[in-house]
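The values are calculated or read from the model by the stated rules, or taken from the named source; none is laboratory data. All of these numbers come straight from a predicted model, not from anything done at the bench. All Cβ positions, glycine included, derive from the backbone under ideal geometry; neighbour counts span all protein chains shown. Surface areas here come from the heavy atoms of the whole protein model, side chains and all, with no ligands, DNA or RNA. Shrake-Rupley method; radii C 1.70, N 1.55, O 1.52, S 1.80 Å.
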Amino acid sequence: TVVGAEHQYVYEALSLFKRDRTNAKGLAALRELVSLRRAGLADSDPRSAVIAECICSAANSIADRNRVTRGTLEMMTEAEPLARAAADLHPHKKAWIYWNFARNLIARREYARAELLCREAIAILESFTIPSDDLRLVARSSLGDALARQRCDAEAEPLLLDVFRRQLAAIGPKHNETRDTMLAIVRLYRDAGRARDAIPLAATVARVRWL
């Protein structure tokens, strides 16, 4: 097993969490896993990083289907410090966990904290030479959204417009990530009293998704 025989109880709790993560028992399974992991494994233990990945995977899956919830926030609140403490966790996975926490924080209106996490994720991702990286785009989109909600329009607007253009080319207007970026731009223009400027962008997505 991943955790070893001496920590079999942690492995069993992880297995239960993976089984129940998207149903009504998911939070109870998470809390049991967290309690046992904290009692038996240090944050910096490589096995804690594996647990962080599993928790983030559950939160990511739920958020992609149903949007973020208090449950996904609780998951990411546990996963993020484990990722930060993990010396051997792949940087791309670390960035993925930071971004997932950030999008939960945006939903909770903790925009400044979300902004910092997005910037950390982007800095990690920009150290790679991957020509096309969807995670980099969604992290930049979330950064633009967090900035716009803090009324930092001068930085947010060109960032969001660039992400939207790239997403249209890479994944198309039907994709939920493209829609989310478009909605962030619409909010920015609405709050700035420029709602008319959002119409052409919204129409680009609406024609394909809803007409």
| request: Evaluate the following for Ala192: is it in contact with a helix residue (DSSP H, G or I) (Cβ under 8 Å, 6 or more places away or on another chain), more than 19 Å from Leu137 (Cα to Cα), surrounded by fewer than 16 Cβ atoms within 10 Å (Cβ to Cβ) and small (Gly, Ala, Ser)? | output: yes
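Yes or no, residue by residue, for (1) open to solvent by 60 Å² or more (accessible area, probe 1.4 Å); (2) touching a residue at least 24 places away in the same chain (Cβ under 8 Å):
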position: Ser15; (1), (2): no, no
position: Glu32; (1), (2): yes, no
position: Ile51; (1), (2): no, yes
position: Leu82; (1), (2): no, yes
position: Ala87; (1), (2): yes, yes
position: His90; (1), (2): yes, no
position: Trp96; (1), (2): no, yes
position: Ile106; (1), (2): no, yes
| said: Quick check on my filter: what residues within the stretch 61-75 are part of a helix (DSSP H, G or I), modelled with pLDDT of 90 or more, surrounded by fewer than 20 Cβ atoms within 10 Å (Cβ to Cβ) and of a type in the set (S, T, N, Q)? | reply: Ser61
| Among (1) crowded, with 16+ Cβ neighbours inside 10 Å; (2) more than 23 Å from Ala52 (Cβ to Cβ), the one test that Ala169 misses | (1)
| query | So is Glu78 charged (D, E, K, R), surrounded by 15 or more Cβ atoms within 10 Å (Cβ to Cβ), touching a residue at least 40 places away in the same chain (Cβ under 8 Å) and part of a helix (DSSP H, G or I) or not? | reply | yes
| field | Single residue of Leu168, Leu116, Leu159, Leu137 found to be of a type outside the set (Gly, Ala, Ser), farther than 26 Å from Asp197 by Cα and either out of contact with any His (no Cβ under 8 Å at 6 or more places or on another chain) or without any contact (Cβ under 8 Å) to a residue 24 or more places away in the chain (or both) | value | Leu116
| task | Could you check how many residues of the stretch 94-152 are part of a helix (DSSP H, G or I), farther than 17 Å from Thr178 by Cβ and of a type in the set (Gly, Ala, Ser)? | result | 8
